[in-house]
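S.K.: So that we are looking at the same thing, I have put the structure below in structure tokens.
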């Protein structure tokens with residue numbers, strides 16, 4: 001998936017070469033791959049990351065540094081528009097599906113369709129099913145997020161799911177899984193869940209059974 005691994009200049013040249021038409025750079029949304037915490041855009045990503053997600057639903061600085069350093073399947077991207085940081089898009093690449101872990105847009109740019117455009121770019125470049133977590137629809141904010149993902153072609157899976165803790169021994173958080181391929185995701189729910197627990201959260205499935 002080299003499309004997302006390019007820096008801005010390589011991205012623009014590659015996009016033009018593949019799709020055979022000139023690109024309009026003004027207002028164009030770019031995915032910029034972040035490979036380490038020393039990247040100039042990492043601090044922007046981390047500050048928005050901690051603003052947009054509560055501690056139980058995100059990694060620490062050290063946790064992000066570990067994944068960036070040792071996990072090639074983890075892809076962190078700054079969203080760049082007009083050479084400015086406007087958000088981030090983090091996902092995982094697995095053999096049979098992709099997993100969107102976190103996506104956020106800076107407060108000043110919300111309502112500008114940046115999240116929608118980022119999702120459209122991502123979906124256009126991924127041929128495998130896409131999976132993501134969503135909070136339970138217990139409040140207006142969570143409901144709006146689910147409705148946003150539904151507009152992007154995602155649906156809630158019928159299986160029960162809970163998010164493991166990123167660190168420590170906290171309880172699992174009731175969540176929903178959503179996917180743009182319900183048949184695949186419902187059929188292979190156990191595979192998806194075990195992959196997320198093991199690879200994303202470094203959490204033992206047997207431990208979940210003990211807690212239940």
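The values are calculated or read from the model by the stated rules, or taken from the named source; none is laboratory data. Computed from a predicted model, the values in this text were never measured in an experiment. Note that each Cβ is placed from the backbone with ideal geometry, even for glycine, and that neighbours are counted across all protein chains shown.
S.K.: With respect to residue 55, determine if the residue is at pLDDT 90 or above and under 22 Å from residue 201 (Cβ atoms).
M.R.: Details: at pLDDT 90 or above: yes; under 22 Å from residue 201 (Cβ atoms): yes.
Judged against the criteria, residue 55 is a match.
S.K.: Is there any pair with a first residue in the stretch 190-202 that is closer than 15 Å to residue 70 by Cα and a second that is modelled with pLDDT under 95 and not in a helix (DSSP H, G or I) whose Cβ atoms are under 7 Å apart and which are 6 or more apart or on different chains, and what are they?
M.R.: 201/166
S.K.: Filter the stretch 138-172 down to residues that are in contact (Cβ under 8 Å) with a residue 24 or more places away in the chain, over 18 Å from the mean Cα position of the chain (by Cα) and under 18 Å from residue 54 (Cβ atoms) and give me whichever is surrounded by the most Cβ atoms within 10 Å (Cβ to Cβ).
M.R.: By that ranking, first place goes to 172.
S.K.: Separate question: Within the stretch 143-154, is even one residue modelled with pLDDT of 95 or more and in a strand (DSSP E or B)?
M.R.: no
S.K.: Now, a different point. Go through the residues of the stretch 184-195 one by one and say whether even a single one is at pLDDT 95 or above, assigned to a helix (DSSP H, G or I), closer than 23 Å to residue 87 by Cα and in contact with a strand residue (DSSP E or B) (Cβ under 8 Å, 6 or more places away or on another chain).
M.R.: At the first step, the residues of the stretch 184-195 found to be at pLDDT 95 or above are 184-195.
With assigned to a helix (DSSP H, G or I) added as a condition, the list becomes 184-187, 189-195.
Imposing the further condition that a residue be closer than 23 Å to residue 87 by Cα reduces the set to none.
Within the stretch 184-195 (the criterion being at pLDDT 95 or above, assigned to a helix (DSSP H, G or I), closer than 23 Å to residue 87 by Cα and in contact with a strand residue (DSSP E or B) (Cβ under 8 Å, 6 or more places away or on another chain)), the answer is no, since none of the residues qualifies.
S.K.: Starting from the stretch 42-59, take each residue that is in contact (Cβ under 8 Å) with a residue 24 or more places away in the chain and on the phi > 0 side of the Ramachandran plot and list its partners that are loosely packed, with under 13 Cβ neighbours inside 10 Å and in a helix (DSSP H, G or I), counting only C-beta distances under 8 angstrom and pairs at least six apart or across chains.
M.R.: As it stands, the answer is none, since no pair meets every condition given.
S.K.: Of everything in the stretch 129-182, what is touching a helix residue (DSSP H, G or I) at 6+ places or on another chain (Cβ under 6 Å) and over 28 Å from residue 95 (Cβ atoms)? Give them in sequence order.
M.R.: The one that is touching a helix residue (DSSP H, G or I) at 6+ places or on another chain (Cβ under 6 Å) and over 28 Å from residue 95 (Cβ atoms): 137.
S.K.: Only one residue in 112, 125 is out of contact with any helix residue (DSSP H, G or I) (no Cβ under 9 Å at 6 or more places or on another chain), over 21 Å from residue 50 (Cα atoms) and either surrounded by 16 or more Cβ atoms within 10 Å (Cβ to Cβ) or modelled with pLDDT under 95 (or both), so which one is that?
M.R.: On the way: 125 fails: out of contact with any helix residue (DSSP H, G or I) (no Cβ under 9 Å at 6 or more places or on another chain).
Unique residue meeting the criteria: 112.
S.K.: Also, I was wondering about something else. Can you pull out the residues in the stretch 29-42 that are assigned to a loop (DSSP other than H, G, I, E, B) and in contact with a strand residue (DSSP E or B) (Cβ under 7 Å, 6 or more places away or on another chain)?
M.R.: Taking the stretch 29-42 and keeping what is assigned to a loop (DSSP other than H, G, I, E, B), we get 35-41.
Scanning the stretch 29-42 gives a single hit, 41.
S.K.: Then there is this: For the list (1) touching a strand residue (DSSP E or B) at 6+ places or on another chain (Cβ under 9 Å); (2) within 27 Å of residue 194 (Cβ to Cβ); (3) part of a loop (DSSP other than H, G, I, E, B), I need the number of the one condition that residue 96 fails.
M.R.: Result: residue 96 fails condition (1) only.
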